[in-house]
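To start, the structure under review is shown below, and the notes come after it.
The values are calculated or read from the model by the stated rules, or taken from the named source; none is laboratory data. Model, not experiment: these values are computed from the prediction. Virtual Cβ from ideal backbone geometry, glycine too; neighbours counted across all protein chains shown. To get the accessible areas, we keep the full protein, side chains included, count just its heavy atoms, and leave off ligands, DNA and RNA. Shrake-Rupley method; radii C 1.70, N 1.55, O 1.52, S 1.80 Å.
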Amino acid sequence: GKFEGWGTSLCWWAHRVGYSEILCEKAAELFFSDKGLGLNIMRYNIGGGDDPLHKHIIRTDSKIPGWIDYNCVTKEKKWNYEADKNQLAVLKKAYEAAGDEAYVEVFSNSPPYFMTLSGCTSGSENGLTDNLKAECISDFAEYLADVSNYIENELNIKIKSVSPMNEPDTDYWKLNSPKQEGCHFSPGKMQSDVICAVRRAFDNKGLGHIIVAASDETSTERQINSYNMYSDDAKKAIGRISTHTYITDKFDELGKLREKEKFNLWMSEVDGAGVLGEEAGEMSAALWFSKKIISDINALSPSAWVMWLVIDYHKSNNGFDGNIDNCNYDKNSGFWGLGHCEHDEKEYELTMKYYAFGQFTKFIKKGMNLLHIDDNCLGAFDYKKNRFVLVCVNENKNYKKLDFDFSDFCLSKSSVNTVVTCIKDNEKKLWSEENAGRLSENILCTSLEPYSITTFIIEGISIEN
C-alpha cells in the first residue's frame, strides 16, 4: 500500500517550547519543513489536566493542561481555550510547515481528572484497574470531540484521526506518578465501549471524517490481544490499528494479522536509548535508531512510522512551571529524542540521531511504496516520479561493499545520487552529498562508510512491462 508518512508526537516537548515564537518557528523548520526532516505527521496530545492541587508531576514538559476548568464544590465546568496555548502554538507552525501533506492525529493519555476514579490523571492506585468512571465514558468521548471540533473549526487545522487510549493494557499508569498522565483501559468491554462512544461523539459533532485509531498498546503482543478482544461494533468503528514497538513479542504475528484482517496499521510511537557499533561514538544512537526503523517496517509493513518525541531534554536557568529542567544525557551513549532545547539561547542542539532520521524522512515520502530488502536496508519506489530510494545502514567499523541487482527494473536512462550521514576523521558528514554509488547496467555498486547511514536516490527508473 501507499506510505502515509513519518511523524512525531507533540507531547510533551511542544508544551515546553510553545511559549516562545522563536522556538516554535525553529521547531517547525527543523522537524516539519523540507529544510529539515520534512515530517508530515503530528500527534497532538489532548491533555486531561490533573487536579490543580496535585504537584506530583515534576517533569518540566509533561504536565499537559486540560481544556476544562472544574469546580470540585459546585461541579461547574468551564471551557478554557487558552490553557494549552503552548502546544497549540507549535501545532499551528508545524501544520503550516508540513503544508498539504500534513496529517494531524489527536490522542489522549488520560481523561480529565474529574472523570477518573482516582481523581488523578496519572492513573489508578495500582495501575491495573480501569481509571475512567463507567458513567463518564460518553463524557470523555464528547470531551475529545469538543476539543477536536475547536481545533478544526476555530483554528482551521484539519484533523484526520483520533486515538482515545495510550498503552491502555499496562500497569504503568499509577496515582501520583512524577512523570505523566496515563490511564488503564482493560481489553474487551472497556476498550470497545470507549471506541464506540468516541465514534458516536465525533459523528454527532459533525466530525465523521475523523477516523478512530486504537489501541496504541506498548507492545505488539498486547496489540494483538486487544484487537482480538474488540467487540464487533468496535471493529466496525475503528479506521486504523496503531501499535507501539517498545516490546516486540509476536512482532511478525501482528504483521501477519494486519495482512489477514486487512486493516491499516501504523507504528505510532517508539524511541529508546539503544546503541550499535562498539566504537561508534556519537553515531551509536543514530545507528540503533536507523536499524529500529528498518526492523519495524520489515516486521509490520505499517503505512506510517512515528517516533515518540523529537526533543526529550530541556536546559534553562529557571526551569518551567516550578520544576527544574533535566538535560543529563551523553551523545556518545544512548538517549531519547533527537537532541535538546537550550531555552536561554532559544536554540535546539541536534545530534547525529536527528540526521540519521533525515536519511529516511527527507527522501522516502508520502505516497511511495516501501519495499523490504534485508535487516540493514529499506527501499521505496515512487511510481509517479520514477524514483527509487534505498537507505542502508553500516554498523561496522570497516567499509562495507554491497551490490544491488535491479534486473526487474528499467534503468536505461537512470542516474544515482548519494547522501551520507557519518563521522569520518573526526569530521561530521551531515546529509553530505557523495559519490558512493555507481550504476553498471542493472547493478548498483556501493561502498558504505564505516558507522554510517547512506541513502541512494535513483532517478529515471521504471518497472519493465
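Quick check: the angle from helix 220-229's long axis to the longest principal axis of the chain, C-alpha only, nearest 10 degrees? Approximately 50 degrees, to the nearest ten. Against the longest principal axis of the chain, how steep is helix 137-153, in degrees 0 to 90 to the nearest 10, with axes from Cα atoms? With rounding to tens, the tilt is 60 degrees. You can think of it this way: the chain between residue 233 and residue 345 has 35.1 nm of extra reach, that is 0.36 nm per residue less the Cα-Cα gap.
Summarise the accessible area of the stretch 407-459 (1.4 Å probe, protein heavy atoms) by the percent that is carbon and sulfur. Solvent-exposed carbon and sulfur of the stretch 407-459 make up 40 percent of the total. Stretched out straight at 0.36 nm per residue, the stretch from residue 253 to residue 158 would grow longer than its current Cα-Cα span by 30.8 nm.
In debye to the nearest 20, how big a dipole does the stretch 86-172 give about its Cα centre with +1 on each Lys and Arg Cβ and -1 on each Asp and Glu Cβ?
Numbers: 5 positive and 15 negative charges, 57 e Å.
Here the stretch 86-172 has a charge dipole of around 280 debye.
Here the accessible area of the stretch 164-283 is 44 percent carbon and sulfur, with a 1.4 angstrom probe and all protein chains present.
Here the dipole of the stretch 1-91 is about 200 debye; that uses its Cα centre as origin and unit charges on the Cβ of Lys and Arg (positive) and Asp and Glu (negative).
Sorting the segments 297-303, 241-247, 76-82 by their mean number of nearby beta carbons within 10 angstrom, highest to lowest, gives 241-247, 297-303, 76-82. Spin-label pair residue 441-residue 260: with each label point 7 Å from Cα along the Cα-Cβ axis, the two points sit 4.4 nm from one another. Summarising the strand pairing of the stretch 311-354, around 60 percent of its internal DSSP beta bridges are antiparallel.
Per the Cα gyration tensor, the stretch 282-358 maps to an equivalent ellipsoid with semi-axes of 28, 14, 10 Å, ordered largest to smallest. Taking the helices alone, the chain has a mean residue ellipticity at 222 nm of -7500 deg cm²/dmol, built from -39,500 (n - 2.57) per DSSP H run of at least 4 residues and averaged over all its residues.
For the stretch 367-419, the fraction of C-alpha pairs farther apart than 12 angstrom is 73 percent.
Considering only alpha-carbon pairs that sit under 8 angstrom and 6 or more positions apart, the relative contact order computed for the chain is 14 percent. Sorted from greatest to least, the principal axis extents spanned by the alpha carbons of the stretch 138-206 come out as 36, 29, 19 Å. Computed over all pairs of different Cα atoms, the Kirkwood value for the hydrodynamic radius of the chain is 22.9 Å. The loop-placed GluC sites (Glu not before Pro) in the stretch 423-461, going by DSSP, that have at most 11 neighbouring Cβ atoms within 10 Å of their Cβ come out as 441. Available extension along the chain between residue 384 and residue 426 is 11.1 nm, counting 0.36 nm per residue and deducting the alpha carbon span.
Ordering 353-363, 315-325 by mean Cβ neighbour count within 10 Å, with the highest value first, yields 353-363, 315-325.
For the chain, what is the percent of antiparallel DSSP beta bridges, rounded to the nearest 5?
Values: 53 of 86 bridges.
Around 60 percent antiparallel, to the nearest 5.
Take the Cα of residue 135, step 7 Å toward its Cβ, do the same at residue 117, and the gap between the two points is 1.5 nm.
Lysine pair count for the stretch 35-141 with Cα-Cα distance under 26 Å and sequence separation of 8 or more or different chains is 23.
By accessible area, using a 1.4 Å probe on protein heavy atoms only, the stretch 1-65 has 57% of its surface on carbon and sulfur. Normalising the average separation of contacting C-alpha pairs (under 8 angstrom, six or more residues apart) by the number of residues puts the relative contact order of the stretch 56-128 at 17 percent. Assuming charge only on the beta carbon of Lys and Arg (+1) and of Asp and Glu (-1), the dipole of the chain about its Cα centre is about 660 debye to the nearest 20. When the stretch 357-465 is described by a simple charge dipole with +1 on each Lys and Arg Cβ and -1 on each Asp and Glu Cβ, the residue from 460, 448, 398 located farthest towards its positive end is 460.
Please compute the per residue accessible area over the chain with all protein chains in place, 1.4 Å probe, rounded to a whole number of Å².
Numbers: 19230 Å² over 465 residues.
Here the per-residue accessible area is 41 Å².
Rounded if a/c is under 1.5, else prolate if a/b beats b/c, else oblate: with a ≥ b ≥ c from the C-alpha gyration tensor eigenvalues square-rooted, which is the stretch 386-465? Since a/c reaches 1.5 and a/b is larger than b/c, the shape of the stretch 386-465 is classed as prolate. With each label modelled as a point 7 angstrom along the Cα→C-beta vector, the residue 399-residue 279 pair spans 1.7 nm.
Distance from the alpha carbon centroid of the stretch 217-283 to that of the stretch 22-55 works out to 23 angstrom. When every Cα-Cα distance of the stretch 37-113 is counted in 10 angstrom steps from zero, the calculated P(r) takes the values 17, 43, 28, 11, 2 percent. Of the trypsin sites (Lys or Arg not before Pro) found in the stretch 396-439, the ones in coil according to DSSP and having at most 12 other Cβ atoms within 10 Å of their Cβ are 397, 413.
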